[in-house]
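In what follows, a single structure is set out as structure tokens and then discussed.
We did not get these values from a lab; they are worked out from the coordinates using the rules stated. Only a predicted model underlies this, so the values are computations on that prediction, with no experimental measurement involved.
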Amino acid sequence: MGITSGTSQMMAPTMRRHATPMISSGVGRGGVGRALTERQQFLIFVKILLKYVERTNNPQLQRTAKAVVAECTRRNRMGDVDYMPLQAAVERHLRVSLGELHWSRAKLCFDTYVARQGIRTVHVNASAISAV
């Protein structure tokens with residue numbers, strides 16, 4: 001049995017609401033920003049980092065960044081202890097692969113983004129995107 005066109009139209013608004021990117025799910029206008037967990041901060045940072053790399057007009061750097069994230073994710077799912085936790089592995093490998101210059105510039109973009117959006121960052125132990 002397939003989904004009828006009426007059912008898919010009914011489900012579409014709900015699916016769109018949940019499929020919005022995390023970056024655009026900021027805070028309400030004029031309100032105090034909500035706090036993000038360390039994991040949420042890192043996910044947003046990686047999205048900003050990939051966008052930053054895209055804007056460098058360096059296709060090799062862009063391919064490298066995407067490949068690093070994909071490889072870390074793949075090895076983490078395979079159970080490789082060197083890639084656990086995933087967040088630490090992605091950070092470690094991206095910093096080495098892209099270099100400290102690109103990492104710190106993307107960090108600056110992230111800091112600017114959260115400040116403009118009014119998002120409060122939560123620091124549990126050390127932030128995932130701080131200097132190692």
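Laid out as a table, the results:
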quantity	calculated
Alpha-carbon radius of gyration plus Dmax, which is the widest Cα pair, for region 34-83 in Å	13.0, 36
Residues of type aspartates and glutamates that Lys107 reaches as a straight line, Cα spacing below 19 Å, ignoring anything fewer than 8 places off in the same chain	Glu38, Glu54, Glu91
